[in-house]
1. Please give the number of the condition E193 fails out of (1) in contact with a Phe, Trp or Tyr (Cβ under 7 Å, 6 or more places away or on another chain); (2) without any contact (Cβ under 8 Å) to a residue 60 or more places away in the chain; (3) of a type in the set (D, E).
2. Please enumerate the residues belonging to segment 18-64 that are outside any helix (DSSP H, G or I) and open to solvent by less than 50 Å² (accessible area, probe 1.4 Å).
3. Against the definition (within 30 Å of V118 (Cβ to Cβ) and of a type in the set (A, V, I, L, M, F, W, C)), how does A222 come out, yes or no?
4. Report yes if some residue within segment 219-227 is open to solvent by 80 Å² or more (accessible area, probe 1.4 Å), out of contact with any Phe, Trp or Tyr (no Cβ under 6 Å at 6 or more places or on another chain) and aliphatic (A, V, I, L, M); otherwise report no.
5. Considering only residues that are among the aliphatic types (A, V, I, L, M) and within 15 Å of Q59 (Cα to Cα), which ones fall in segment 226-236?
6. Taking segment 191-218 only, how many residues are open to solvent by 70 Å² or more (accessible area, probe 1.4 Å) and over 13 Å from T180 (Cα atoms)?
7. Taking segment 131-150 only, how many residues are under 18 Å from the mean Cα position of the chain (by Cα) and free of Cβ contacts under 8 Å to residues at least 40 places away in the same chain?
8. Of all residues in segment 185-208, how many are more than 20 Å from Y46 (Cβ to Cβ) and assigned to a loop (DSSP other than H, G, I, E, B)?
Amino acid sequence: MSDLISTGFLTPPTVLIVASLLAVWWSVWHPRLGIATAIVTSSLLYLAATPAVATRMLQAVEVRPALQPDFSAAQAIVVLGGGVHAGDGGPVPDTLGTGSLERVVFAARAYRLLHLKVAVAGAGLPGRTSEAALMKSVLEGDFNVPVTWVEDQSRSTWENAVDTAKPLKPAGITTVVLVTHAWHMKRALWSFELAGLHAVPWPAPITYDEPRRFDDYLPSIAALEDSYRALHEVIGLAYYGFRHSGP
């Protein structure tokens with residue numbers, strides 16, 4: 001079922017746009033209920049697209065970095081993939097997306113400070129270069145950071161954790177520094193802890209600003225993307241809790 005309906009469908013703008021269109025058609029047969037539903041869904045879409053609302057949603061999911069994080073027990077650094085730009089199959093190769101590149105920069109900083117072995121995790125599209133392989137290439141080629149473990153089969157945060165734990169735990173590693181974005185960190189920490197690896201978050205910057213201007217109450221594409229990220233994490237964490245925390 002999860003292959004048929006993704007969390008992307010359940011979050012704005014998709015679910016609200018689809019609901020609004022269905023409500024318009026519904027109003028042909030049930031005018032009052034259809035129009036009322038269309039008003040509600042379009043209003044929710046407007047709210048989700050305002051920076052003021054998106055900010056509050058991100059605050060609920062982002063992990064704020066500690067003022068003085070303690071990495072003394074850490075034994076390895078784990079970097080999670082954040083997307084790939086697919087090449088054309090010819091002279092333009094697959095490259096890391098913006099999210100993955102930011103995480104690679106965070107990882108390079110972590111390595112310079114901690115000098116721990118590095119693991120990269122993330123699959124790719126079928127038949128294409130994996131996120132993990134691309135991150136390894138950039139870390140070693142552009143940042144001179146050696147990568148010890150490459151986990152290139154996982155397609156979700158849960159699989160990132162479970163599949164990364166397989167080579168790390170036999171090596172005696174129980175505590176890792178986890179590198180990802182602040183909005184993704186809560187779900188990632190939960191997954192790694194349940195997979196048997198204590199995870200210490202690398203200080204990723206928060207991505208929201210407090211609303212201060214009139215423009216913060218007007219819709220924008222950037223705010224809609226932030227709302228999508230926040231709700232994606234909420235739904236994902238709820239699903240993980242239901243799917244993976246049972247006996």
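The values are calculated or read from the model by the stated rules, or taken from the named source; none is laboratory data. Bear in mind that the values here come from a model prediction, so they are computed numbers and not experimental data. Counting neighbours? That spans all protein chains shown, and the Cβs are built from the backbone with ideal geometry, glycine included. Ligands, DNA and RNA are excluded from the accessible area calculation, which covers all protein heavy atoms including side chains. Shrake-Rupley method; radii C 1.70, N 1.55, O 1.52, S 1.80 Å.
1. It fails just one condition, (1).
2. Looking only at segment 18-64, we keep the residues that are outside any helix (DSSP H, G or I), and these are 30, 49-50, 62-64.
Hits for segment 18-64 are A49, T50, E62, V63.
3. For A222, the condition - within 30 Å of V118 (Cβ to Cβ) and of a type in the set (A, V, I, L, M, F, W, C) - is not met.
4. Checked against the condition, which is being open to solvent by 80 Å² or more (accessible area, probe 1.4 Å), out of contact with any Phe, Trp or Tyr (no Cβ under 6 Å at 6 or more places or on another chain) and aliphatic (A, V, I, L, M), segment 219-227 yields at least one hit.
5. So the first thing to find is which residues in segment 226-236 are among the aliphatic types (A, V, I, L, M), and the list is 230-231, 234-235.
Of everything in segment 226-236, those that are among the aliphatic types (A, V, I, L, M) and within 15 Å of Q59 (Cα to Cα) turn out to be A230, L231, V234.
6. Filtering segment 191-218 for residues open to solvent by 70 Å² or more (accessible area, probe 1.4 Å) gives 193-194, 198, 205, 209-210, 212-215, 217.
Next cut, over 13 Å from T180 (Cα atoms) only: 193-194, 198, 209-210, 212-215, 217.
So the count comes out to 10.
7. To start, the set of residues in segment 131-150 that are under 18 Å from the mean Cα position of the chain (by Cα) comprises 131-132, 134-135.
Retained after the next criterion (residues that are free of Cβ contacts under 8 Å to residues at least 40 places away in the same chain): none.
Adding up the residues that qualify gives 0.
8. Filtering segment 185-208 for residues more than 20 Å from Y46 (Cβ to Cβ) gives 185-207.
Now drop any that are not assigned to a loop (DSSP other than H, G, I, E, B), which leaves 195-197, 202-207.
Residues in segment 185-208 being more than 20 Å from Y46 (Cβ to Cβ) and assigned to a loop (DSSP other than H, G, I, E, B): 9 in total.
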